[in-house]
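Heads up: the structure comes next, in structure tokens.
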Amino acid sequence: IMEEYPVKDGNILISAHTVWIFEPLETIANVSQTAVTFTTRQDLGGIIPKNALNYLAKRYLSQVSEMRKAFDKTKEIAGHKQRKVAEADKAKDKKDLDRLANKI
């Protein structure tokens, strides 16, 4: 890349290193779960105005946040958990009614 785009006077050379670690988690309600660890290191290689850095940092983090939202399955998992609670309540109610019927 340096040969195709040589650094010229007035340019700032920036480098970055990013690592993504994906770890599988327990499947819930047929929804695969994955823990993601994301880390990045950037060397901005010069004096960059604070306003520009703040803008770039917010934009970068908002892109990561949007990616998280795109893969979010919270509603599906919550619905599954609510169904499980409702089933347990129904089974308990039936058991209580059976006990009461046996006492009568």
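Numbers at a glance
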{"item": "Region 63-104: number of residues that are touching a strand residue (DSSP E or B) at 6+ places or on another chain (Cβ under 7 Å) and either within 24 Å of residue 19 (Cα to Cα) or open to solvent by less than 70 Å² (accessible area, probe 1.4 Å) (or both)", "result": "4"}
{"item": "Hits in region 16-36 (condition: of a type in the set (S, T, N, Q), open to solvent by less than 70 Å² (accessible area, probe 1.4 Å) and either closer than 30 Å to residue 80 by Cβ or touching a residue at least 24 places away in the same chain (Cβ under 8 Å) (or both))", "result": "33"}
{"item": "Region 37-62 - residue that is open to solvent by less than 90 Å² (accessible area, probe 1.4 Å) and of a type in the set (A, V, I, L, M) and, of those, farthest from residue 79 (Cα to Cα)", "result": "48"}
{"item": "Residue match in region 48-65 (condition: modelled with pLDDT under 90 and part of a strand (DSSP E or B))", "result": "no"}
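Matching residues to (1) of a type outside the set (Ser, Thr, Tyr); (2) part of a helix (DSSP H, G or I):
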position	(1), (2)
22	yes, no
34	no, no
39	no, no
42	yes, no
70	yes, yes
76	yes, yes
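The values are calculated or read from the model by the stated rules, or taken from the named source; none is laboratory data. Keep in mind that this is a model prediction, so the values were computed, not measured. Please note: Cβ atoms are built from the backbone with ideal geometry, for glycine as well, and neighbour counts cover all protein chains shown. Areas reflect the complete protein model, heavy atoms only, side chains present, ligands, DNA and RNA absent. Shrake-Rupley method; radii C 1.70, N 1.55, O 1.52, S 1.80 Å.
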